[in-house]
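The values are calculated or read from the model by the stated rules, or taken from the named source; none is laboratory data. Remember, predicted model here, so these are calculated numbers, not experimental data. Cβ sites come from the backbone with ideal geometry, for glycine too, and all protein chains shown count toward neighbours. Accessible surface areas use protein heavy atoms only, side chains included; no ligands, DNA or RNA. Shrake-Rupley method; radii C 1.70, N 1.55, O 1.52, S 1.80 Å.
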Amino acid sequence: MTVVDGPVLALRGVSKSYGAARALVDVDLQVHAHEVVAVIGDNGAGKSTLVGALTGALVPDEGEVLVDGSPVTLSDPSVARGLGIAAVFQDLALCANLDVVENLYLGHEAQRGLLLDEVTMEKHAWELLNQLAARVPSVRVPVAALSGGQRQAVAIARSLLGEPRVIVLDEPTAALGLRQTAEFLTLVERLRERGHGVLLTSHSLADVQAVADRIVVLRLGRTNGEFDAARTSYEELLAAVTGIQR
Amino acid sequence: MSESGLVATTWQKLRTGDLGVLPVAVVLVLIGLVFQVLNPHFLSADNLVNLTQQSAATGVIALGVVLTLHVGQIDLSVGAVSGLAAAVVAVGSVQLGWPLWLAVLAALAVGVLVGSIYAALHTRLAVPSFVFTLAGLLVITGLQMRVLGPTGSVNLPFEWWLVRFCQTAFLAPATSWAIVALVVAGYAAGRATDRIRRVRAELPVAPLWEVVARVVALAALLSVVVAYLGTNRGVGAVFALFVGLVALTDLLLRRTRWGRSVRAVGGDAEAARKAGVPVRRVFVSAFVACSTLAALGGVLAVGRLAAANQGSGAGDTNLTAIAAAVIGGTSLFGGRGSAWSALVGILVVQSISTGLTLLNLDQSARLVVTGLVLAVAVTIDALQRRAREA
C-alpha cells in the first residue's frame, strides 16, 4: 500500500444533473486510508448518485474525482476497480445458485491448465472470510442457503479480492436485521484495521454513529455539514439531514 | 453423523434437488424392474443393446437442450433442426453427389447458423427464446420440406460409413474394456490428486473410504454394462459417441470457466454481468452448442434409419428431447442440472417406449405415459425450486 498523507479518494466540486433535476451540486468529499466515512441523507438526497460518481457507474457533469491527489476519469466500473476502488451494491449481485467460492471468484476463476483450480480458490476463500471474522457454515453451500448478513459478508469478501484501497458500500444495512447489522459493523471495523478506506451510505443514523469516523450529510444534492462522529449528537445529525433549524 | 442425521440431510438434499441425477437413475432401475416383471424379454441383452442404440440420436439432441436450459432459455426447434440436418445430409450426398463427410459438415454448419441467429435475436433484441425458437420450428420445418423436394424421402445406401457407424458398428470387446480401464484409472487419479492437494491445503476432505467406494462403484457400473451388453452385440459405436459427448460436456460444465459462467448466467444473468462474466458470449455459446448438437442428432438419425424424409425430426423428436432433459433433472428455471441428465433422461423415455411396445401397447399409450412422466418431472422441479428458496 502506497504511503500518501492526503486522501486516497476525493471528490472536488462535483455536480450531476438528470435533466432539470440536480442530483449533486458542488460536492467535496475525502476518504483516507484507515478511515470509515459515512454519507447520510434522506431519500433523494443524492447518495446513490454520489456512489455512482465514486465507482465509475456514472461520470459527473462538473468537478473532479481524485485518486491520490491526481484527477482521474472513472468512465467504467472496471476503471475504478483498476484504480483500487471496489463497490458493493445494495443488491449484492450474487448468483444464488452458486456456492460461496464460485461467487467469490466468478469471472476471475483460478485455473490449473484448462480446468478450474478449486483447491486454491477454496483455501483463499476461507482465509478471506476468516480475516473478516465472517461466520459462514461452509464455503460450498449455495448462497441461496445463507442469511442476509452472510451474503453481505460474501459480497464484501469478493470486493476485497482485487486488494482495493477504498471500498464503497451502498446502503449496506438496509436489508439487515439487528444482529446481522451488529455483525456487519464489526466487519467494517475489520476493513478499517486492514487499512482500507471505507465509504458507506445509509439513512440509519444509529448504525452510522456506531462505526463511522466522519459523517458527511447530504441534503438535496448539497453537502449540509461534515461531522466528527465521536462528538456529534443524534439530534445534530437529524437536524442536518432534515434541514430543520433548531 | 448419526443415522437419523444422515436420513435428514439426504431428505433435505432430495427436497432441494442437490442429489443431482441420482434419484432419476434409481427411477430408471425401477422402470427396468417393473417392465422385466411384465415382460421377461425387457432386460435381455439384446433388448438393452437396441435400447441404447435407439437412444443415441435423440440423446445427443437432449444434451443440447440441457445447455439452453442451463442458461435459463429453451430451444423448441431442436427436432426441426435435426430434421433439416438429416435432409441436408441425405440430399447433399445422394442427390447432389457431395462427398458424405462434406454433407455431414454442411448439416452441422446449418446447426451453427441457426444457433447464431437465435443468439443474436436473444442478446441484441431481447426476444424471449420460446417465441423465436417456436417461429424457428415453423421456418426450419418449411426449409426441410423444400430441401427434400417433391419426393419427400431420400434413402442412403447401407454400405456408407455413416449408416454402418449408426447401425452395425460396435466396439470390440478389447476396446470396450480398455476404455473402461482408462476411465476408471483416470477418475481414480483425479480423485486422488484432488484429495492430496486438499490435505496439503488443510481443507476438509471426504473420508478415504468414500473415495475408494466411488471408484469401485464406477468400475462396477461400467464393468456390468460392458460385460452384459457384451453377451449380445456389445456397446454400439453411436451410443459410445453419445456417452463420450455427455462426459465431455459434464467436464466442461463443472470444471471450466465456461461452465461456471453458464451456470451463473442461468442463475442470475444481471449478477453475472456485474461480476464480469461475458454474458452475451455465454448465451451465444449455449444457443450455438444446442443447435449444433441438434444437427448432429439429425445426422446420427439419418444414419440409423438410412433415410431422411419429411417425418425426420418431426412429431415427437422435439418433445422427447426436451422431455428427456427435464426428466433427467435439469431445471427449467436455469442454472441447475447436469449433462448426465441427458443420458439418464433419454434412457427413461426410451425404456418406457420400448417397454410399452413389448407389452403390445401402441403409440397412444406411449405418448400418454411419457407425458405423465414429464408432468411429474416438471412438478418435482418446481417443488425443489420452492424448497431451495424457503
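Couple of notes before you dig in:
- Looking at B:GLY276, B:GLY267, B:GLY244, B:GLY190, just one residue is surrounded by fewer than 19 Cβ atoms within 10 Å (Cβ to Cβ), over 23 Å from B:VAL60 (Cβ atoms), assigned by TED's automatic domain parsing to the domain that holds B:GLY64 and not charged (D, E, K, R), and that residue is B:GLY276.
- Whichever residue in region B:189-239 is among the hydroxyl-bearing types (Ser, Thr, Tyr) and within 30 Å of B:VAL163 (Cβ to Cβ) and, among such residues, is farthest from the other protein chains (Cβ to nearest Cβ): B:THR231
- Near pairs, Cβ below 9 angstrom, 6+ apart or cross-chain, from region A:194-220 (under 20 Å from A:ALA133 (Cβ atoms) and basic (Lys, Arg)) to any residue that is open to solvent by less than 10 Å² (accessible area, probe 1.4 Å) and not in a strand (DSSP E or B): A:ARG194/A:LEU132; A:ARG194/A:LEU160
- Residue in region B:168-180 that is closer than 30 Å to B:VAL284 by Cβ and either surrounded by fewer than 18 Cβ atoms within 10 Å (Cβ to Cβ) or in contact with a His (Cβ under 8 Å, 6 or more places away or on another chain) (or both) present: no
- Any chance B:THR256 is open to solvent by 10 Å² or more (accessible area, probe 1.4 Å), modelled with pLDDT of 95 or more and facing chain A (nearest Cβ under 10 Å): yes
Yes/no matrix, rows are residues, columns are (1) within 23 Å of B:ALA240 (Cβ to Cβ); (2) under 11 Å from the mean Cα position of the chain (by Cα); (3) outside the structural domain of B:LEU305 (by TED's automatic domain parsing); (4) touching a residue at least 12 places away in the same chain (Cβ under 8 Å):
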{"position": "B:LEU332", "(1), (2), (3), (4)": "no, no, no, yes"}
{"position": "B:SER341", "(1), (2), (3), (4)": "yes, yes, no, yes"}
{"position": "B:VAL348", "(1), (2), (3), (4)": "yes, no, no, yes"}
{"position": "B:GLY355", "(1), (2), (3), (4)": "no, no, no, yes"}
{"position": "B:LEU372", "(1), (2), (3), (4)": "no, no, no, no"}
{"position": "B:ASP381", "(1), (2), (3), (4)": "no, no, no, yes"}
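- Residue list for region A:124-163, filter: facing chain B (nearest Cβ under 10 Å) and open to solvent by 10 Å² or more (accessible area, probe 1.4 Å): A:HIS124, A:TRP126, A:SER138, A:ARG140, A:VAL141, A:PRO142, A:ALA144, A:ALA145, A:ARG158
- Long-range neighbours under 7 Å by Cβ, at least six apart or interchain, first residue part of a loop (DSSP other than H, G, I, E, B) within region A:132-159, second at pLDDT 90 or above and of a type in the set (D, E, K, R): A:VAL139/A:ASP99; A:VAL139/A:GLU122; A:ARG140/A:ASP99; A:VAL141/A:ASP99
- Single residue of region A:76-90 satisfying the filter (touching a residue at least 40 places away in the same chain (Cβ under 8 Å) and not in a loop (DSSP other than H, G, I, E, B)) that is farthest from the other protein chains (Cβ to nearest Cβ): A:ILE85
- Single unsatisfied condition, A:ASP28 versus (1) under 30 Å from A:THR232 (Cβ atoms); (2) buried (at least 18 other Cβ atoms within 10 Å of the Cβ): (2)
Conditions tested, residue by residue: (1) touching a Phe, Trp or Tyr at 6+ places or on another chain (Cβ under 9 Å); (2) open to solvent by less than 10 Å² (accessible area, probe 1.4 Å); (3) touching a residue at least 60 places away in the same chain (Cβ under 8 Å).
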site: B:VAL89; (1), (2), (3): no, yes, yes
site: B:LEU102; (1), (2), (3): no, no, no
site: B:VAL110; (1), (2), (3): no, no, yes
site: B:PHE132; (1), (2), (3): yes, no, no
site: B:THR141; (1), (2), (3): no, no, yes
site: B:SER153; (1), (2), (3): no, no, yes
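- Matching option when the condition is part of a loop (DSSP other than H, G, I, E, B), touching a residue at least 12 places away in the same chain (Cβ under 8 Å), within 14 Å of chain A (Cβ to nearest Cβ) and among the β-branched types (Val, Ile, Thr), among B:VAL282, B:VAL265, B:VAL277: B:VAL277
- Of everything in region A:91-123 that is in contact (Cβ under 8 Å) with a residue 12 or more places away in the chain and part of a helix (DSSP H, G or I), the residue that is nearest to the other protein chains (Cβ to nearest Cβ) is A:GLU122.
- Scope region B:214-256; condition among the aliphatic types (A, V, I, L, M), in contact with a strand residue (DSSP E or B) (Cβ under 9 Å, 6 or more places away or on another chain) and farther than 18 Å from B:GLY186 by Cα; matching residues: B:LEU229, B:VAL235, B:ALA237
- Checked against (1) touching a Phe, Trp or Tyr at 6+ places or on another chain (Cβ under 9 Å); (2) not in a loop (DSSP other than H, G, I, E, B), A:VAL188 passes all but a single condition, namely (1).
- Of the residues in region B:310-323, none is in a loop (DSSP other than H, G, I, E, B) and facing chain A (nearest Cβ under 10 Å).
- Selected residue [within 15 Å of B:ALA56 (Cβ to Cβ) and open to solvent by less than 10 Å² (accessible area, probe 1.4 Å)] from B:ALA323, B:ALA295, B:ALA308, B:ALA286: B:ALA295
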